[in-house]
1. Does ALA188 fit the bill of being among the hydrophobic types (A, V, I, L, M, F, W, C), outside the structural domain of CYS264 (by TED's automatic domain parsing) and modelled with pLDDT under 90?
2. Counting residues that are in contact with a Ser or Thr (Cβ under 6 Å, 6 or more places away or on another chain), among the acidic types (Asp, Glu) and over 30 Å from PRO389 (Cβ atoms), which helices (runs of 4 or more DSSP H) fully inside region 404-521 reach at least 2?
3. Report yes if some residue within region 139-146 is of a type in the set (S, T, N, Q), touching a helix residue (DSSP H, G or I) at 6+ places or on another chain (Cβ under 9 Å), assigned to a loop (DSSP other than H, G, I, E, B) and surrounded by fewer than 21 Cβ atoms within 10 Å (Cβ to Cβ); otherwise report no.
4. Based on this model, can you work out whether ILE455 counts as modelled with pLDDT of 85 or more, within 27 Å of ASP413 (Cβ to Cβ) and in contact with a strand residue (DSSP E or B) (Cβ under 7 Å, 6 or more places away or on another chain)?
5. Given the conditions (1) part of a helix (DSSP H, G or I); (2) at pLDDT 90 or above, report the number of the one that THR178 does not fulfil.
6. Suppose we keep only residues that are basic (Lys, Arg) and part of a helix (DSSP H, G or I) within region 237-251. Which one would you say is modelled with the lowest pLDDT?
7. Going through region 206-222 one residue at a time, which ones are closer than 20 Å to ALA331 by Cβ and buried (at least 20 other Cβ atoms within 10 Å of the Cβ)?
8. What pairs come out if I take residues in region 343-363 that are without any contact (Cβ under 8 Å) to a residue 24 or more places away in the chain and pair them with residues that are surrounded by 15 or more Cβ atoms within 10 Å (Cβ to Cβ) and in a helix (DSSP H, G or I) whose C-beta lies under 9 Å away, six or more apart or interchain?
Amino acid sequence: MPRAKHILGALTFAFAGLTWLYHWQAFERSPPVYMVDGQPYYLHPGSLATCTKAGAFSLLWAPGAGEAHQSCEDWFREIGVWDDVIQRWQMLAGGSALTLILAAGLVLAVWFERPPPKIVRGPQRFTGRKARSAIGKISRKEARQTGGGIAFPPGIAMSRDRESRHMLITGAVGSGKTQTIQHLILEAMQFGDKMLVLDTKGDMTERLPGEITLIAPQDARSAIWDIAADCTTKQDARELAARFIPKSSDPMWAEGARELLVACIVSLQIERPGNWTWSDLHARAILAPAELIVLANTCHPAAAQILGDAANRTAMSILTTFKAHIHVLEAMADAWSAGASGTFSIASWLRAASAPAPVILQRDGRYPQLTNAWIGGLVSLLSAHVCSPAFRESSTRRIWLFLDEFPQLEAMDDLASLLDLGRSKGVCVVLAAQDTSQIRINYGRDRTSAWLSMIGTHVIGRMNPGEGADDMSRAIGLQEIERVSRTENVSGGTRSVSRTPQRSVRPVVTPSELSSRLGRKGNKVRILVMGFGEDVFEVDLPIVSLPKQREANVPAPWTQASPPAPLRQKLPSPIDPKSPAGTSKPRLLTPDDLVRIRKPKPGDPGA
């Protein structure tokens, strides 16, 4: 009904204006000169106006109006302009009648319109210009206290404090999560901020402008992760081991295997500080069990105490668990044994004064264990360096972590530290997931609830109907409204109308609205923004299509079907399975051989 009222109102005023303009043009402004019997004849505007009023009043049966109108008609017919004048009157009458009909419809729409409910308490939803105006007002107030940062929504500068309070983006596939992250990345690039981007689809690798630093063992262009520069202490080794050897049903075997990997790393830290590689670590991991125990006794006695005697069943189970997970180290040793793209150290990157080139961590669904191990290990060491007291607090430093579809990775306990302690050190985390139920599966209900309350800005895209939409509707909140109920009573022939206020509670945004109102709308994406006060804001983001800059993936040699050349040289030549090893190929039988075989020998029956 409000939409119909607005349309009828606009049409009424439009036709009223057009009718008045036509009346002025046809009857008030000097009409043209008419030729009558070869002589020019000029109609005075006053004469047309007088006759027009006489015709209008004659329709209302006004006294004397009919005679005046008849005189005008006779006069116009006499001079030969009656057809032109009657056409003008018909046009004016039609416009006036249509204007009156629209005005009547507008009156009925207003009369029968149900007044909108009054919001007594709770958050409100703002749309369009009101939403942008409200966000801009809050952002300007915050920026006066802590300074201005990147623009989000586009054209509105966020405060530096809001940047460091992190952001969570939720929405189904195609809801605009990537567009939202893309806006934020481009803004951070203009500021020259450091950024680390988790690329799950390859689109960031393919389309981000300028230079990038790619970290992806499955890609031939990947920089080599300088693990020796980042893993320098025994605690760093423990954090790394926890990513490469996941928890098992019996924690004893996993913990023992982790301690054994710690012993291998610590031995390299002692022997070759800052100068060992993934190949060196893999070479230590594939040592014989007896050699591993000697290594543990020398460099990490705690691991040696867990193992005990290499011949006992406990030690064998731990060694088996350890050997079962070193295939990840083998893949990383093959990928990062050499490369032309340089090296990357998370510690050096954090200490650098500036690093405008985005660091892209490319996830590959073909190698989930490998991806989870190295990305989880890198984020763990990043968290360890950031949360260390040696990494000073700063109100001007900005380090962005854009983690799109992060629930697809294994649970990273270090994210909680980055969200909590990283704020004061300029770390801004942007998380993106399809819905909160994905996060709960990996991190549990309590931790997810804590994160939702810890994160300062929430962006919600279109969501599919289901538990996720229900959860998000509840998270947005409820509002108490008051409606006026109109009741008509007829008693004793007397009609009375009573209006009674009634209060109720409703969701600010229903689950169905999360799927119907949001998403792509033409060349824009509609999202909800929360965190700027208690209200909810519906904002349209322009869709930005970035041109292709490079290939999304260039397969590394180790991912190819054939083994590397050095390995092929070591492989023995294939042997015909029908022939014994080391023998020549047998001669085929001839017809003479068959005759000789079939010829009976002396002493055989029938010879």
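1. Spelling it out, it is not the case that ALA188 is among the hydrophobic types (A, V, I, L, M, F, W, C), outside the structural domain of CYS264 (by TED's automatic domain parsing) and modelled with pLDDT under 90.
2. Output list reads 467-476.
3. Scanning region 139-146, I find no residue that is of a type in the set (S, T, N, Q), touching a helix residue (DSSP H, G or I) at 6+ places or on another chain (Cβ under 9 Å), assigned to a loop (DSSP other than H, G, I, E, B) and surrounded by fewer than 21 Cβ atoms within 10 Å (Cβ to Cβ), so the answer is no.
4. yes
5. (2)
6. Let us first name the residues in region 237-251 that are basic (Lys, Arg), namely 238, 243, 247.
From the residues that got through so far, the ones that are part of a helix (DSSP H, G or I) too are 238, 243.
Values: ARG238: 89, ARG243: 84.
The selected residue is ARG243.
7. LEU214, ILE215, ALA216, PRO217, GLN218, ASP219, SER222
8. ARG351/HIS385
The values are calculated or read from the model by the stated rules, or taken from the named source; none is laboratory data. Please read these numbers as outputs of a predicted model, since none were measured by experiment. Glycine also receives a Cβ, built like all others from the backbone with ideal geometry; neighbour counts cover every protein chain displayed.
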